[in-house]
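Read through the structure below, which is laid out as structure tokens, and then see the notes.
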Amino acid sequence: MIHIVLFLLTFASTYFAGGFLYSISVMAILLCHEMGHYIASRIYGIPATLPYFLPFPLSPFGTLGAVIKMKGIIINKKALFDIGVAGPLAGFVISLPFIYIGIRLSTIGPAPVGLGFLQLGDPLIFKLFQALLIGEIPAGYDLILHPFAYAGWVGVFVTALNLIPVGQLDGGHIVYALFGENSKKIYLFVLFGLGTYALFFSQGWLALIVLLLIFGMKHPIPLDNITELDRKRKMFAFIILIIFILSFVPKPFPEFTLGNEFKKKQEPKEVIVYLGAI
């Protein structure tokens, strides 16, 4: 029952944030991400819950994402790697058609005046699709995103967040499976680099660093912590690194403005999302 209630509440909060098309799209992406983890866990015989969706109507996404809870011990590094990879890979793959169709349905225009609008930074995957489908956008204009494209942006943003190689994130699981106890040094290096970047270029990342410190850097040790990953999985790790590079957004929210008309009406359809050249 709790899964159903949270699902319905998250559907309502995402509908409030971006309308019906955005809601069903982003819910599908989050579901695929978590079911990737769920199916991989069950393949290895590790009990896992169904996804808990997290509604959050005050955010521009309408949600804090979704999570599952594993109730067993991870047997070895192979299982840890496969479970960690399955979610981001599934979420990234399902985001691609939404990005492709959404960009085709998006329009080019000047930044709106007097309405609520949210400017988004460009992940590399968006730049590639934009170059393929639209070409160069004239100076002073931006790509006003269709709800499908906005959901796809959220999908790759979530993918990038989860693939940051720190602690309990999916990227942390992958790095631990690859490097074992040496991953602690990588965690510290990544935190230092991300903190330095946030201070000088994008302060929005500071909130993430605080959350990572709160949740901790310790990683649960698999039952078999000695047997290394096979060559195939080590090579597949490079594909995951490419997905992270394609999905990472250096400045997720360069500017967020609410005009007087939006403040007065409070209508989700008045929120316009567009990509800026970052």
Report summary line: Note on LYS218: of the conditions (1) modelled with pLDDT under 90; (2) of a type in the set (Lys, Arg); (3) buried (at least 16 other Cβ atoms within 10 Å of the Cβ), unmet is (3)
Report summary line: When region 144-165 is checked residue by residue, the ones that are buried (at least 24 other Cβ atoms within 10 Å of the Cβ) and either of a type in the set (A, V, I, L, M) or on the phi > 0 side of the Ramachandran plot (or both) are LEU145, ALA149, ALA151, VAL154, VAL156, VAL158, LEU163
Report task. Go through the residues of region 95-105 one by one and say whether even a single one is β-branched (Val, Ile, Thr), in contact with a Pro (Cβ under 8 Å, 6 or more places away or on another chain) and crowded, with 16+ Cβ neighbours inside 10 Å. Result -> no
Report task. Please name all residue pairs, on different chains or six or more residues apart, with Cβ atoms under 8 Å, provided the first residue is in region 146-170 and is touching a residue at least 40 places away in the same chain (Cβ under 8 Å) and the second residue is of a type in the set (Asp, Glu) and crowded, with 23+ Cβ neighbours inside 10 Å. Result -> ASN162/ASP170; LEU163/ASP170
Query raised in the report: What number of residues in region 16-54 are buried (at least 19 other Cβ atoms within 10 Å of the Cβ), in contact with a helix residue (DSSP H, G or I) (Cβ under 8 Å, 6 or more places away or on another chain) and among the aromatic types (Phe, Trp, Tyr)?
Result: 2
Requested in this report: Would you mention how many residues in region 49-81 are farther than 13 Å from ILE29 by Cβ and in contact (Cβ under 8 Å) with a residue 60 or more places away in the chain?
Outcome: 10
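The values are calculated or read from the model by the stated rules, or taken from the named source; none is laboratory data. Just so you know, these numbers come straight off a predicted model, no measurement behind them. No Cβ is skipped: glycine too gets one built from the backbone with ideal geometry, and neighbour counts run over all protein chains shown.
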